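The values are calculated or read from the model by the stated rules, or taken from the named source; none is laboratory data. Just so it is clear, the model here is predicted, and its values are computed rather than measured. Note that each Cβ is placed from the backbone with ideal geometry, even for glycine, and that neighbours are counted across all protein chains shown.
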Amino acid sequence: MNIPAVNIASIGAALVLAVVGIVIMVAEPFLPRAQRWLTGWLALGGVAVAALATYRMQGHHGLWYSNLWDLDDFTIFFHYVFLFIVGLTILASMDFITREGLPQGEYYALLLFACTGMMMMSGANDLMMIFLGLEILSIATYVLAGFRRKDLKSNESALKYFLLGSFASAFFLYGTALIFGATNSTNLIVIREALKVPNVEITLAFLSAALILIALCFKVAVAPFHVWTPDVYEGAPSPVTGFMSAGPKAAGFAVLFRIFLVAFPALQDRWSDALWVIAALTMILGNVIAVAQPNLKRMLAYSSIAHAGYVAVAFAASSPRGVSAALFYLLAYSAMNLGAFTIVTILSRSEDRLVTLNDYAGLAAKRPGLAALLSLFLISLAGVPGTAGFAGKFFIFRAAVESGYVWLTVIGVVTTVVSFYYYLSVIVQMYMKPAAEEFQDLRPAFSWNIALLIAAAGTIYLGIFPSGMLERTLSAVMSLPH
Amino acid sequence: MEALISSHILTIVTFTPAVGALLILFLKRGRLRSIRAVAVVMAVLSFVFSLHLIAHFDNANSEFQYVINIPWIPSIGISYSMGVDGISLFLILLTTLLTPLALLASWSITDRAKEYFIFLLLLETGMIGVFASLDLFLFYVFWEVMLVPMYFLIGVWGGERRIYAAMKFVLYTMIGGVLMLVAIISLYFMHGTATGIYTFSYPAILQSLMTGRMILAPNVELLLFLAFFIAFAIKVPLFPFHTWLPDAHVEAPTAGSVLLAGVMLKMGTYGLVRFSLPLFPKISHFLAPLITSLAIVGIIYGAFVAMVQPDMKKLVAYSSVSHLGFIVLGIFSFKTQGLEGAVFQMLNHGVSTGALFLLVGMIYERRHTRSIDEFGGLAHRMPLYAGVFLIVTLSSIGLPGLNGFVGEFLILLGTFGVSHGRAALAATGVILSAVYMLWMYQRVIWGEITNVKNELLNDMNLREKLMIIPLLILMVWMGMYSSHFLRPMDAAVARLVQRVEKQNVEFALNPK
């Protein structure tokens, strides 16, 4: 019997997070209630150690554990992105959890487990492994969505997410089963080689690819598989919504890129066309419906759908440049969107009461700092030059034009103009309407300030000096097995 | 040292105001005087630095001068690249001159003054950047970035319908801008495919087009031209894309109107001169009859609508539609006189209309109304104001000896060489402008004081005099010694005419 090559260092980051998550769960009951906020900092420490472990993974490129795990620049890039997202989410959550009186330890442990799942998804070279990562992530996120268990909306959110998520998982499994039938393997590289053989069951492979595509489209919330998003985002606790809009989306796209670029390049023509339609539909629906949302969380939900559409444009372009633009965009989007959600969390006050546009009226006069930062994140989401959002969109549209998708680009830029309307509406409320309240019960907390600082710095830095990160994303894409 | 300054002068001029904005960010919001002082000092500094541009400008050189070229995103051929020629030189100077004046006109702003001055300074950086950029990507960045401060200036410190006006302004400009972005990216790839060099550098792409290394198919050229043209036509604004302008002008605070009319509208016409004509000369010729027709409609329509406006600001706004029509007409005459006249008229309009908005702002601050029939007989109480207003009015309607005449004359001369009928039609605009401007002047300044509220008005104070004197000097200077301003343009305009005419000959021989 062969014993597969074991290389602990190659999965170091995921391992660290899983262990820290368990430690938190074990340690929590022993901590006095008043001291349980420490678990948040413990989790943050875990993220830092995991970042270090990711750094140490650099030298261990290659296939490990019976080719189940593929460590390359792509994996490492996404590890950093996930750690960035989870780190910001933890910072944004600390005072929220205390304010709402929610159980501390479980929350952070679940976040770390979710991150472990995402990391597994980004590096897995086998459909079964990907499925495991997907489930670890999903189950943790279902619980997080319903974390405010006495709140009906939070319950609704969790249940909807769970039902539709399970549905998507089933699609994924069906797809896996079919491709196993066609190629006798669930290993991505083996599938790719098998599809090169002329007499392979190409229809079966095509069906499998379609099912997997649908499953992942559910996960990243692109039209027409997006309908669950607004309700789930609205009901979930605000920092969790921020996390869901960034983390699982990035992980879903990571898997999408890996599966389709590594296993299904033979079918590229067909899925490129499908993605064209999906991308166009997503950008139009997301942006147009967002215009009519009075609730900020719902508006950001539709905006997150629209942004998934832009990433889909990059993927439809299906060139290394396109996918590297998508990677860049996912990172940029994480920074600006988590920043926006952190402010939504701060302003929503206890039990997420104040989340409609009107609640933001006059914020700039009373809290100029917060208003300025939210404006920064919003104009970045809208894509004003000088911000990360613009750099990302520019790279995406550039790649799309390069691949000949000029009309898709035109749809993209025109829907961007639509998005200006709803992002600027928030700024109208903050800057151009009289204050309805004094905003005195806002406590500026240390952890929130750090989160905002990091998100703002990222948004501006990536906007003005995108060059280095763009190189990294390109080398990440080039490192995929091909 | 001299060389070092010259090689970075454009960066210094462009970003001095932004540095000022950063400084203000760290001032306490209550310290109004310090905030104002920093803003004015930094804007004046930027103006002083910009004088270096004219002092060391080589009139005989048709190439870009003071060129900076630093790789920015090298992997896709984007660089931080700036330079000026005779066309952009004066537009930069106009910007650096008008901004300090606009700042001085903002003393009445006390609500959230800190943000206000930050936005004004950022706006200046954006505007200078547009005129100085030589990289298409960089140009686009400045073009769009500038919208944000202007949006806030109108939306926060504007009049009653400010939110509507601000949103309309942004969405109109955006829709043109994003299509231009697609065109820029397309141009970049076509250049890359044709020459193997993937770059957003404007001089490089222009060079390839001129030497024939890169040839655009007619239908492609048409689409690209339209994408650029719509962006510029909205900004100008050319009839029928003008509807955002009166709203934005009426609602904007005085400084916003001054910079909007004085500088931002010129970005549209500058874009036509800098990009549309040299990059797409064939289509420019092909569409010139249509575009000049729109320009003439704009000249006459703007003038008639201006005539019936009860609101002084709205009157000046519509007069801008009319005047900008002249500039477009001059540009699309493709003649040396027409083009020089157009560039000269851009400066004129900035100076004259800037002054008009400042003057309207002065009585608005006193009376909080701009309605013409609220006034009358101001000459009795504000003799100095009446005198200044007269000079500015005469400059705006093109009295010989003042600046407006030179520009309009050159444009009409250029147009006359192409079509007598069009020149004649456009000339009616000159007459109409005299009608609406003088009629407004008469109703506001002459006559007896009919409204008791006007009995106690004070004449211009020191700050207001400071604001208006530089513009008065310029009006006379530009009218009397126009060659001081035209000579530096010669080389750049000659080069442009040569580029466009060469294509015209080819076009005439072989229309496809």
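So here's what we get for this one:
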read-out	value
Residue check for residue A:420: among the hydrophobic types (A, V, I, L, M, F, W, C) and at pLDDT 90 or above	yes
Matching residues, the range A:184-212, being assigned to a helix (DSSP H, G or I), hydroxyl-bearing (Ser, Thr, Tyr) and at pLDDT 90 or above	A:208
Selection from the range A:394-404 of residues that are crowded, with 24+ Cβ neighbours inside 10 Å and more than 9 Å from every other protein chain (Cβ to nearest Cβ)	A:396, A:399
Unique match (being touching a Pro at 6+ places or on another chain (Cβ under 8 Å), of a type in the set (A, V, I, L, M) and either assigned to a helix (DSSP H, G or I) or crowded, with 20+ Cβ neighbours inside 10 Å (or both)) among B:222, B:245	B:245
Filter result (of a type in the set (A, V, I, L, M) and either crowded, with 17+ Cβ neighbours inside 10 Å or over 18 Å from residue B:4 (Cβ atoms) (or both)) within the range B:36-50	B:37, B:38, B:39, B:40, B:41, B:42, B:43, B:44, B:45
Residues of the range B:380-398 satisfying the condition of being surrounded by fewer than 18 Cβ atoms within 10 Å (Cβ to Cβ) and touching a residue at least 60 places away in the same chain (Cβ under 8 Å)	B:380, B:381, B:383, B:384
Yes/no for residue B:130 being facing chain A (nearest Cβ under 10 Å) and not polar (S, T, N, Q)	no
Lone unmet requirement of (1) away from chain A (no Cβ under 11 Å); (2) without any contact (Cβ under 8 Å) to a residue 60 or more places away in the chain for residue B:150	(2)
Per-region count, the range A:471-482, residues surrounded by fewer than 21 Cβ atoms within 10 Å (Cβ to Cβ) and either outside any loop (DSSP other than H, G, I, E, B) or among the polar types (S, T, N, Q) (or both)	6
Residue in the range B:213-229 that is farther than 30 Å from residue B:349 by Cβ and facing chain A (nearest Cβ under 10 Å) present	yes
Candidates A:455, A:364, filtered to the one that is closer than 21 Å to residue B:26 by Cα, buried (at least 22 other Cβ atoms within 10 Å of the Cβ), away from chain B (no Cβ under 11 Å) and small (Gly, Ala, Ser)	A:455
Test for residue B:53: is it at pLDDT 90 or above and either surrounded by fewer than 24 Cβ atoms within 10 Å (Cβ to Cβ) or not in a loop (DSSP other than H, G, I, E, B) (or both)	no
Matching residues, the range B:440-458, being farther than 26 Å from residue B:319 by Cα and either part of a loop (DSSP other than H, G, I, E, B) or at pLDDT 85 or above (or both)	B:448, B:449, B:450, B:451, B:457, B:458
Residue that is surrounded by the most Cβ atoms within 10 Å (Cβ to Cβ) [pool: residues in the range B:156-191 that are among the hydrophobic types (A, V, I, L, M, F, W, C), more than 19 Å from residue B:276 (Cβ to Cβ) and more than 7 Å from every other protein chain (Cβ to nearest Cβ)]	B:166
